[in-house]
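To start, the structure under review is shown below, and the notes come after it.
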Amino acid sequence: MILSRLTKAIREQNWFAVVLEFFIVVIGVAVGFQLTQRYDQAQVAAREAEYLQGIATDYTIYQNIIICRIDVEAEIRRGLVHLLDAVDGAELSEREYERALFAITMSQVSQPGLPLEGNTSALVAGDLIESISDDQLRGLILAAQSISTSTVTSMSQIHDFLLVMPRIDGFTERTLSEENGFFVASGVDFEAMRAQPGIRNTLIDLHNLHRSSQANDERQKDAIDNVLARLEALGVREAPAEDPSCWGGPLPTADAQ
């Protein structure tokens with residue numbers, strides 16, 4: 001209809017009508033473009049908000065898992081120090097002995113690296129990371145993903161080393177745990193362990209491996225904490241009322257001095 005009126009005005013040389021109809025067309029196109037642009041922006045904002053909520057959930061889970069892993073590594077290292085003391089002839093207290101048994105149970109169970117999957121992996125792998133409008137948050141997510149990849153590789157190397165290094169099972173009694181379904185160390189023959197050549201070096205190697213593992217986990221935790229802190233600053237996630245901790249609770253020997 002506008003086109004027919006415009007054509008008629010031109011034929012009649014009614015330039016006022018021509019200009020008026022022209023402006024009506026331009027304004028209509030501009031308004032339509034703005035409405036479309038606002039709709040698209042709303043869609044993008046809604047999609048970003050959904051992504052951010054998913055990332056907040058994922059990273060909260062990652063944070064709890066990594067704290068548990070760090071707690072385990074620290075306790076293993078404490079127990080291995082007690083084992084070294086026992087090999088050197090020291091008499092262990094009851095709690096030190098319990099911690100040593102925990103270290104024997106867990107020291108040669110290599111934990112795999114913690115990959116950041118879920119929403120984060122989908123964003124990075126699908127090149128959707130650019131949908132995150134906050135430059136700082138986007139950089140922190142990419143940094144956390146990079147550290148995660150590095151940690152997975154490092155943990156694989158530690159696992160490979162554990163497979164070929166001398167074992168200490170020969171000095172250990174194991175009992176099937178009804179609580180978790182796997183065999184745990186229930187006793188250790190320190191006399192036989194002391195008589196084994198190279199056992200001290202084996203324990204030192206284990207301690208160093210778990211120190212490396214803990215350092216990897218702490219780097220990854222820092223990266224995860226940074227993402228969560230930025231999400232809190234953006235109002236996507238509320239700051240927790242209490243400091244985060246291992247959701248599995250304290251380890252059975254964690255209170256030993």
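The values are calculated or read from the model by the stated rules, or taken from the named source; none is laboratory data. Fair warning: this is a prediction, and the values are worked out from it, not measured in the lab. All Cβ positions, glycine included, derive from the backbone under ideal geometry; neighbour counts span all protein chains shown.
Side notes on the structure shown:
- Identity of the residue in the stretch 71-94, outside any helix (DSSP H, G or I) and of a type in the set (Gly, Ala, Ser), that ends up surrounded by the fewest Cβ atoms within 10 Å (Cβ to Cβ): GLY89
- Residue within the stretch 138-150 that is surrounded by fewer than 16 Cβ atoms within 10 Å (Cβ to Cβ) and at pLDDT below 80 present: yes
- Residues located in the stretch 50-68, provided they are under 19 Å from ASN216 (Cβ atoms) and either hydrophobic (A, V, I, L, M, F, W, C) or more than 11 Å from the chain's Cα centre (by Cα) (or both): ILE61, ILE65, ILE66, ILE67, CYS68
- Only one of the numbered conditions (1) loosely packed, with under 14 Cβ neighbours inside 10 Å; (2) out of contact with any Asp or Glu (no Cβ under 9 Å at 6 or more places or on another chain); (3) touching a residue at least 60 places away in the same chain (Cβ under 8 Å) is not met by ASP225, and that is (1).
- Exclusive hit being surrounded by fewer than 16 Cβ atoms within 10 Å (Cβ to Cβ), under 27 Å from TYR62 (Cα atoms), modelled with pLDDT under 80 and touching a helix residue (DSSP H, G or I) at 6+ places or on another chain (Cβ under 6 Å), set GLY113, GLY118: GLY118
- Every residue from the stretch 170-199 that is small (Gly, Ala, Ser) and either in a strand (DSSP E or B) or touching a Phe, Trp or Tyr at 6+ places or on another chain (Cβ under 6 Å) (or both): ALA185, SER186, GLY187, ALA192
- Enumeration of residues in the stretch 53-70 that are among the hydroxyl-bearing types (Ser, Thr, Tyr) and surrounded by 21 or more Cβ atoms within 10 Å (Cβ to Cβ): TYR59, TYR62
- Within the stretch 172-215, being surrounded by fewer than 16 Cβ atoms within 10 Å (Cβ to Cβ) and β-branched (Val, Ile, Thr) holds for THR175, ILE204.
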